[in-house]
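The values are calculated or read from the model by the stated rules, or taken from the named source; none is laboratory data. Remember, predicted model here, so these are calculated numbers, not experimental data. Please note: Cβ atoms are built from the backbone with ideal geometry, for glycine as well, and neighbour counts cover all protein chains shown. Only protein heavy atoms, including side chains, enter the accessible area calculation; ligands, DNA and RNA are left aside. Shrake-Rupley method; radii C 1.70, N 1.55, O 1.52, S 1.80 Å.
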Amino acid sequence: MTGATSPQELAHKLDAASGAFERWSRLQPADRAPALEAIASALEEAAPKLVAIADEETALGEPRLNGEVVRTAFQLRLFAQAVTRGEYLGATIDRADPEWPMGARPDLRRVLEPLGPVLVFSASNFPFAFSVAGGDTASALAAGCSVVVKAHSGHPRLSAATAEVVQQALESVGAPDGLFDVIFGTDAGRTAIADPRVKAGAFTGSIEAGRALFDIATGRPEPIPFFGELGSVNPVFVTKGAAERRGPAIVSEFVGSFTLGAGQFCTKPGILLVPAGAGLADQLPGAVPDKPLTLLNDRVRTSYASTLDELRNTAGVHVLASGGPTSPTVLRTTSAELLGSPEAYLREVFGPATLVVEYTDESELLEVAEVVDGQLTATIQGEDDDEIAGELIELLAAKAGRVLWNQWPTGVSVTYAQQHGGPYPATTAPATTSVGTEAIYRFLRPVAYQNVPQHLLPPALRDANPMGIPQRIS
């Protein structure tokens, strides 16, 4: 069933999610791990069927989609391991201390507890890893929250099929009814984010749509956190030393990065700053494949054509390489033009297009870094002896969630130290990440217990530590 969810159906699903949260959140964290592992195994078993549907709806190709299933299962199991270890709870115990320098200290114990039902908005470009059973769903379930997913219109049949697999897996391990469900339609998503039963939202998509949902979430009578990943041009800064020593390799690797997945990655490098006269810009037309690439759907194609035309028609922008409507496109301008009107040039084009910006003096790299807005990533292609490197890294760390040195931003490793977020407009919550184990903290809130008897404390805070988790004591 992929038709728009009716108001009556939505109310029923949100009621069920609220009831399931009450039961799911009371489980000990390690007891949630089997459910996450069951979902991972069920997705792997259903992969042939799901990948076939996904390919029909997105045309991303079976190799890419099979890789996404692997990633999706991996991140579910990674969160299962995280909740079993219990470190994420941040259990902190300050025992009573009458000699505390600020006056007698009471017994205080702090732990992280789940927020409540979470509404997840699926992404178009990752139909598994950032969709129905993707990282937002995995981290919210791990945190102890119930989940309602707003399916993306770009792959509705896959969303319904994936939801069925997830629900059956949860049922097989005795998870509460209503712990996970899916809804369809823009109106249902807007209504749900405003509903008092929903306690947090997670979104991956465009600035326009994400900002509209963010405003609803924060404008409610009871505002809720909204973790939106919105837009990023992911600038790449090439120093003169790097251009001289590794120019051809940089050009080749850059082309591979900005055309990967037809440029439909949120981490696609959309701006490349290179020294004028170094020849990198001139090498690009010969390195860019002159063939049409398949975009996800009509909406993406229309948006891509529109935003590309706007950038192409901006003063001072010239075409370096361009084939058909969906062939890779490289545009060219100067740092002087960009610095004169940054907002006109620093715009995300979701698709296989990029802007090369030529500079004359390396100090212009610092000037551009100053005017760049919030980004998911910022990359430096440099040499260890570049005098500018230290200051440039410092500037970019203030603007981006991930700073790369001599690597490329496409490809986001699912691991413990990953940061996939950044200042607005990259995200609406720069202190959080949507990839990696730290993503679980989005759906938790701290509670301190003061002078509470041992038998009434959450197990994570008891002196006997029955869960066997790390505790920070006094």
Worksheet item: region 167-280: D in µm²/s via Stokes-Einstein (Kirkwood Rh, Cα pairs, 20 °C, 1.002 mPa s)?
Response: 119
Discussion item. Based on alpha-carbon centroids, what's the gap between region 122-157 and region 310-337 in Å, whole number please?
Written reply: 35
Worksheet item: So what are region 283-404's ellipsoid semi-axes, whole angstrom, largest first, if each one is the square root of 5 times an eigenvalue of the alpha-carbon gyration tensor?
Response: 27, 16, 15
Item to complete: Among GLN454, ALA33, THR432, pick out the residue whose Cα is farthest towards the positive end of the charge dipole of the chain, where Lys and Arg carry +1 and Asp and Glu carry -1 on C-beta, about the Cα centre.
Response: GLN454
Discussion item. In whole percent, and with a 1.4 Å probe on the protein chains, what portion of the accessible area of region 210-345 is carbon and sulfur?
Written reply: 54
Fill in: DSSP loop trypsin sites (Lys or Arg not before Pro) with at most 15 other Cβ within 10 Å: longest gap in the chain
96-474
Worksheet item: Where does helix 298-312 land angle-wise versus the long Cα axis of the chain, in degrees 0 to 90, nearest 10?
Response: 50
Practice prompt. Taking all pairs of distinct Cα atoms, average 1/r, flip it, and tell me the Kirkwood hydrodynamic radius of region 324-474 in Å to one decimal place.
Written response: 19.1
Worksheet, complete the sentence: Ranking GLY261, PRO292, THR5 by how far each Cα lies towards the positive end of the charge dipole of the chain (+1 on Lys and Arg Cβ, -1 on Asp and Glu Cβ), the top one is THR5
Worksheet item: Once Rh is set to the Kirkwood radius over Cα pairs, what Stokes-Einstein translational diffusion coefficient, in µm²/s, holds for the chain at a temperature of 10 °C and a viscosity of 1.306 mPa s?
Response: 67
Worksheet item: What relative contact order, as a whole-number percentage, does region 62-195 give when Cα pairs under 8 Å and 6 or more residues apart are counted?
Response: 21
Discussion item. Given the C-alpha atoms of region 102-145, compute the convex hull and give its volume per residue in Å³.
Written reply: 103
Fill in: Per-residue HN-Hα couplings for region 142-158 [Karplus 6.51, -1.76, 1.60; θ = phi - 60°; Hz; x = Gly/Pro]
4, 5, x, 9, 7, 9, 10, 9, 8, 5, 7, 5, x, 8, x, 5, 5
Response to the item:
Taking N as the number of residues in region 42-176, the ratio of its alpha carbon radius of gyration to 2.2 N^0.38 Å works out to 1.40
Item to complete: Calculate the radius of gyration of the Cα atoms of region 103-183 to one decimal place, then report Dmax, the largest Cα-Cα distance, as a whole number, both in Å.
Response: 16.3, 62
Worksheet item: Reported to two decimal places, what Rg/Rh ratio describes region 52-97 when computed on Cα atoms with Rh from the Kirkwood expression?
Response: 1.42
Worksheet, complete the sentence: Listed by chain and number, the aspartates and glutamates with an alpha carbon less than 17 angstrom from that of LYS199, same-chain partners under 8 positions apart left out, are ASP15, GLU22, GLU113, ASP136, ASP181, ASP215, GLU222
Worksheet item: For the Cα atoms of the chain, what angle does the longest principal axis make with the long axis of helix 62-85, in degrees from 0 to 90, nearest 10?
Response: 40
Worksheet entry | Tail beyond 13 Å, pair distance distribution of region 212-279 (Cα, percent) | 71
Fill in: Whole-Å semi-axes of the ellipsoid equivalent to region 359-444 (Cα gyration tensor, √5λ, descending)
26, 15, 9
Practice prompt. For region 333-474, give the magnitude of the charge dipole about the Cα centre (Cβ charges: +1 Lys/Arg, -1 Asp/Glu; no others), in debye to the nearest 20.
Written response: 1620
Discussion item. With +1 assigned to the C-beta of every Lys and Arg and -1 to the C-beta of every Asp and Glu, and no other charges, what is the dipole magnitude of the chain about the Cα centre in debye, to the nearest 20?
Written reply: 1260
Worksheet item: Under the definition of Cα pairs under 8 Å and six or more residues apart, what whole-number percent is the relative contact order of the chain?
Response: 18
Practice prompt. Can you tell me the alpha carbon radius of gyration of region 252-346 divided by the globular rule-of-thumb value 2.2 N^0.38 Å?
Written response: 1.07
Worksheet entry | Exposed GluC sites (Glu not before Pro) absent - longest run of the chain, DSSP non-H/G/I/E/B, at most 11 other C-beta within 10 Å | 100-386
Practice prompt. Treat region 4-116 as a sphere of radius equal to its Kirkwood radius over Cα pairs and apply Stokes-Einstein at 37 °C in a medium of 0.692 mPa s; give the translational diffusion coefficient in µm²/s, rounded to a whole number.
Written response: 182
Worksheet item: From the cross-link list LYS240/LYS399; LYS240/LYS291; LYS291/LYS399; LYS13/LYS49; LYS49/LYS291; LYS268/LYS291, which pairs have alpha carbons spaced over 24 Å apart?
Response: LYS240/LYS291; LYS291/LYS399; LYS13/LYS49; LYS49/LYS291
